[in-house]
1. Could you work out the mean count of beta carbons from other protein chains within 10 Å of each residue's beta carbon in B:272-279?
2. For chain C, what does the helix formula give at 222 nm: sum of -39500 (n - 2.57) over DSSP H segments with n ≥ 4, over the residue count, nearest 500 deg cm²/dmol?
3. Long-range amide H contacts for A:I380: which residues qualify at under 5 Å (H placed 1.01 Å from N, peptide plane, sequence gap of 5 or more or a different chain)?
4. Rounded to the nearest 20 debye, what is the charge dipole size of the stretch B:170-220 about its Cα centre when +1 sits on each Lys and Arg Cβ and -1 on each Asp and Glu Cβ?
5. Mind grabbing the interface size between C and A? I mean buried accessible area, both sides, 1.4 Å probe, in Å² to the nearest hundred.
6. I'd like the interface area for chains B and A: accessible area of each alone minus the complex, both sides summed, 1.4 Å probe, protein heavy atoms only. What is it in Å² to the nearest 100?
7. Tell me what chain A gives for mean residue ellipticity at 222 nm when only DSSP H runs of n ≥ 4 count, each as -39,500 (n - 2.57), the sum divided by the residue total, rounded to 500 deg cm²/dmol.
8. Computing the accessible area with a 1.4 Å probe over protein heavy atoms, can you report the carbon and sulfur percentage for chain A?
Amino acid sequence: MRAAHQMLFGTVILSALSLAGCSNDERVGATSEVKEHEKVIVAYSTDLNTFDPVFGSAGSDHSLLYPLYDTLVSFDEDLLPQPGLAEEWEYLNDTTLELRLRDGVTFHDGSVMDGEAVAFNLERATSEESYISDLNAVESVEVVNDLTVRLHLQYPDSSIVLALADRAGMMVSQEAIEQNPDQIQRAGVGAGPYELVAWETGEKLTYRKFDDYWNEGEPKAEILEIQVMPNQMTRMNALQTGEIDFATSLPAGEITSLSDEEKFTIVEGSAVPVNMLYLNIASAPLDQKAVRLALQHGIDRAALNEAIHYGQGEGAYQPFPSSYWVYNDELNNLYDPDYARAVLEEADLVGTVVTIAHYPEAYDERVIDILRHQLAEIGIVVNGQAMEIQAGISAYFDEKSVPSFMSRWTGRPDPQMTMTMLYHSTSYYNTGSYSTEEIESLLAEAAGTIDNPERRAEIYDEINRIGLTEEAIFIPLTFQPDIVAMSTDVKGYEPNMLGKPKFQMLYKEP
Amino acid sequence: MFLRFLTKRLLYVIPMLFITTFIVFSFILLIPGDPALAILGENASDENLAQLRAQLGLDQSLLVQYWNWLTSALVGDLGESFFTGESVQEAVFSRMGITFQLVTTAIVIAFVFGTTLAIVSMMKPGSWIDEFARLVSTMGTAIPNFLLAMLLLAVFSLSLGWLPATGFISLFDDPIGFVRSVLLPSIALGAVGMAQITRHMRSALIEVFETDYIRTAFSKGLSVRQTIFHHGIRNAILPVVTTVGILYGNLMGATVVVETIFSIPGIGQLAVDSIMQRDFAMLQGVVLVMVVIIIVINFATDIIYSLLDPRIKYE
Amino acid sequence: MTGKEMLRRFMRQRAAFISGIFVVLLIVVALFAPWLAPYPPDLPNYDRVMAGPSLAHWLGTDELGRDVLSRLMYGAQAGIQAALIAIIIPLVIGVPLGILSGYLGGVFDEVFMRIVDGILAIPAILLALGITAALGVNLWNAMIAIGIVFTPQFARLARSQTLQIRSEAYVYAAKVSGAGAFWTMGRHIIPNISPPIIVQSSFNMSFAILVEASLSFLGLGAQSPQISWGGMIQQAYSLMYMNPWLILAPGVAIMLTMLAGNIMGDGLRVALDPKLKKV
């Protein structure tokens, strides 16, 4: 009978060998020689979709693309434009933007990042097959000389500069694309501080310092490893046990349990992504303005924020957080349950049922529970309908089978993009295609206000006032705090208001 | 004789694979949510959508889609992920390698501890270890694996800091790292198996002890130890082999939750992600490979069973 | 064996008897939760968030200040319903098809069993996950998914039992004497295959609760305002650092119920099969 035992084990082990033989670590083997302090390990919530900036729409990709791709324009922590691969830029007139490029920049494959390369990339971003729509205003790109490029616009667009800090501004090596355009999706070649070593899907991305990076002394770490950990508790756990150095998007409240320890630095930032109720104004009962206004004025954001963020984060009555340059002080509390109830009573709509699609996550369910109780008091019955992310997106944006969707507006580098996408009747995010002439003419005016930020901010105040308090086109709820934590030897982190951290700045003190 | 058995089994398995993949295929298309829409996001204009759907083959009828998939699969091409462009077979095999190592460790733990516990408890009936064995065999089946996983994680990783809380290291890269990374998740996975094996082993041993044959042997001075090792294990090995076979199937499913808790990039996570993302190409590949593996294991179990079963009879 | 005798044999096993009582109590709690629960299960109280056990709240309160004991009682409803649906669907669909397949044999049996084996080769939780995603995320759909997952198991069991009984002399005799197929099935097969199916049902009750909890944990089970133990664990897990004790109450409830289901299954097996002795 011993033979039988051996047989059983033999089979098991043989099959284990045959399966596990294809272990995928050989590629990364070389990185293990690096000293511990020269390697920074980050835990991030989402895996990459594609390394090709023009094919992709997930906002979660950016943080994984930034190390590899420098953008033409950069931004500071307040989301104001800063020099990137373009050292400076200037509007020659309302519809001509001239970029002056940095000299001596090369891509990871050794090719030169010059005017030709920029024109190639921008033309690619505006081409038919590109998913990018931020550069719709661009009519043509002119290469003046090696280091000067002009963008000719069909109409003025105040968001163009910061659009070049987003996907559209990520410069990819022309040679690499021409050699094999499909390859870029899996292994990008940019001019950023890090080059790609390996992308192990669902597991981690490994980057190595690019020796010929134009900015000498950067990056400071030799190896950057970004591990994919979708579950926030897992990210907390891994940080707690020291398996990683840096963890992103940690849960409010829970994080206070880490803060007792001297081992960790916790940074709470405020960022533009806003949790909100998307409303399809073309569908019942949200075609009734009274119902929308009741939602807008019937939700106590401060109480909601306190209950789900434990004193961190902030309540939202507009799509901008209080530290953002376009924030309007006057629009800071719309909560007025008496008014909300009165509006409903006047329209004889007390007891209206509003179906809200939401994600089946613990956090979202908690929010829905609170909304249900708050809105019950003013006479609206909330019917929560849990849908996982893709089902929710299809149902709300495509089939339009649910009137409201509790999700997040992930924010854009320029407020003009946010305002247009949330308020304009032709925007994908305005599912009911509802807007007013006044709002749309204000949006056009803001697009043409390229050199006067104060005026732009005033226009946005006006749009928000009309769009939120009079029309209730969408219902902002809260700004989730942007919490990261790192072991104390990790330096260099700067939160940015986009909520998309640039991991290339992280390094460890030896 | 053996060959005929083999051919017969194969003839049974092949049509089953067709049926399973077809069921899964038609089923996948029932899942609401359009992958093209998910990929395009805000850029989902009607033309873009139509173009991408055509590119992914989603605009064709179910039968055509299945036929295309099948003909490629037969020549070993499972396609590419809708989202990441990664080759499905590469992804599935590397992830399956991870899960297979995890599940196999869980089963080895279950087997070693389960049989040991059963044998020791039979050698000292009524002792604390016997009581413990009974407790394990009843409680083990009642504790949900994710609860056990959280408990182990909280105690051994977060509080004591002895073992890592996340990740997986392959046995072939670093055996010690492998054991450290896989210990907690495989205990969480294997607890049920351990309980089942203890249980089957115990009852098989009891059965042997109660046969007239052994009673006679006892009266002639046969020791408990000899009984267990010479006769008991023979009798117990068949149900244990069956249990191990079934466990593989069960744990391949149960691993979904445990992989999530320990952030192990195995096939279970890949399956959940592909369902959530509507990455149909990937999901189809995952299910195909899982089903093939389970069928192969069932097949192996059958063969081992038939080899082990020379009609041992005591009555 | 008469029903009375079976009941006596079942009650004579102490552990099984206690488990039976536990299950009955659970059903009572589930049925009368609206009267038994000290608080409405979804009533938030922001002044008493995550409070420990006290006289007012025996099991403390959760992250929104809701009474854990009340939620646990309502959660029992979901558990019992999940178990029932997960058993009724296979009984109504799987068992008849299995009997038919075993009784008819031939091509129908061949094709049917291949489908059954094919589905059985897909891991249960994964299949349930896929079905829930297809039907839409909520508790009912999760339960239906679990029921569908169990169906091939029951079909297989019913078929193999039918095959065994079909070959037995009295069914043959009944056939020879000109009895119709349905009469044969009704008169001989169903009563004879019932015991193993009852036993299997009891085991599957625990498994149903486990799968429901796993689905809820992955976010595909009960959704607010539905309350299930798995959903409570999902919520508690997201607060594991601040308050690890929140996992305890639903966790223990799930364990006890699964334990009761398993022990009851063993007890039923012994009670229904005179040849078996207690292990």
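The values are calculated or read from the model by the stated rules, or taken from the named source; none is laboratory data. The model shown is predicted, which means the values in this text are computed figures rather than measured ones. We place every Cβ from the backbone using ideal geometry, glycine too, and count neighbours over all the protein chains shown. Heads up: the accessible areas ignore ligands, DNA and RNA and are worked out on the full protein's heavy atoms, side chains in. Shrake-Rupley method; radii C 1.70, N 1.55, O 1.52, S 1.80 Å.
1. Working: counts 9, 5, 1, 10, 10, 5, 7, 1.
Going residue by residue through B:272-279 and averaging, the value is 6.
2. -22500 deg cm²/dmol
3. Here the answer is A:G351, since their amide H atoms fall under 5 Å of that of A:I380.
4. Here the size comes out at about 200 debye.
5. Numbers: alone 14720 and 21990 Å², together 34490 Å².
The contact between A and C buries close to 2200 Å².
6. The summed interface area works out to 4400 Å².
7. Values: 15 runs with 142 residues, N = 510.
Counting only the DSSP helices, I get -8000 deg cm²/dmol.
8. Numbers: 8520 of 18720 Å².
Reported share for carbon and sulfur atoms: 46 percent.
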